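Take a look at the structure set out below.
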Amino acid sequence: MTSASQIRTQIETVLGNRIPGALTPRPQTVRPVTSLGIASIDGALNGGLPAGAVTEVVGEESSGRTSLALSFAARMTQAGKVCAWIDVADALDPESAAATGVDLRRLLWVRCRTSNEHVSSTSPRSEEMCQALKVADLLLQSGGFSLITLDMGSVLPEYVLRVPLSTWFRYRAAAERTQTSFLLLTQKSCAKSSSNMILKLRAREMNESQRSISFFTGLNTDIEVIRERFTPSPASIPGLKKQPHSYEAVNWYRRTTWSGRR
């Protein structure tokens, strides 16, 4: 009986002139990574977030999405790199960004508000969404930005999921060509196979001792890697155990640089 290896050899011999290595998988791509400046997360992600790729940061409100993105932007701008923040719902607070360490002189803030009228952050008009997607496309294609953050975290998933998959595919190709880190903040994953990494954030409930504190002093968040392409196996990363389609949740606690009354 003919073995599988013999059958494969026969097929590749026949197709060799037309399709070289027809059954040979493409070599894995090793992408450079950039540190977020948070040791526990960098260790879990084998160094940080991938450059030249789309990374989705998903989670509900107050899950830590914006804090993580601002920490990454702070790391990039402090290294002298230029970043962009595309703000669909006009939700970014520059004072909080500066307090996190973001150098605002190196941050392009795009506010996708087409009028002075009040626009609901959860159901923006189509103009705001279209403007945000066009700006993201323009900045990615032009190059020159080390980090581009598209913040749609305040928009309901039903609106975000209406974005055609071809849009995310085009973003992925442009990010790879320009070696731009593209960060997508949403409540649920929407870029599908176009994303190189998907991080899911969940806020932990406060215990009794934390509830008794009258000032907000930090953020306690679980981070789970839902998707990670072209990286070493989880078994080779210290502190992580292999799970079906995910990594073990990493507990991230980070004290904020400001205090606000609850």
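The values are calculated or read from the model by the stated rules, or taken from the named source; none is laboratory data. Please read these numbers as outputs of a predicted model, since none were measured by experiment. Cβ sites come from the backbone with ideal geometry, for glycine too, and all protein chains shown count toward neighbours. Ligands, DNA and RNA are stripped out before the accessible areas are found, and what is left, the full protein with its side chains, is counted by its heavy atoms. Shrake-Rupley method; radii C 1.70, N 1.55, O 1.52, S 1.80 Å.
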Of the candidates Val58, Val33, Val54, the one satisfying the condition of being within 30 Å of Thr100 (Cβ to Cβ), touching a Pro at 6+ places or on another chain (Cβ under 6 Å) and modelled with pLDDT of 80 or more is Val33
Kindly check whether there is at least one residue in region 81-96 that is in contact with a Gly (Cβ under 8 Å, 6 or more places away or on another chain) and open to solvent by 50 Å² or more (accessible area, probe 1.4 Å). yes
For region 35-72, give me the residue count where each residue is among the aliphatic types (A, V, I, L, M), touching a helix residue (DSSP H, G or I) at 6+ places or on another chain (Cβ under 7 Å) and assigned to a helix (DSSP H, G or I). 1
Filter region 152-210 down to the residues that are part of a strand (DSSP E or B) and open to solvent by 40 Å² or more (accessible area, probe 1.4 Å), then identify the one that is modelled with the highest pLDDT. Lys200
Residue in region 221-233 that is modelled with pLDDT under 90, part of a loop (DSSP other than H, G, I, E, B) and closer than 30 Å to Met129 by Cα present: yes
List every residue pair whose Cβ atoms lie under 9 Å apart, where the two residues are 6 or more positions apart in sequence or sit on different chains, the first residue falls within region 72-85 and is on the phi > 0 side of the Ramachandran plot, and the second residue, located anywhere, is open to solvent by 40 Å² or more (accessible area, probe 1.4 Å). Gly80/Arg106
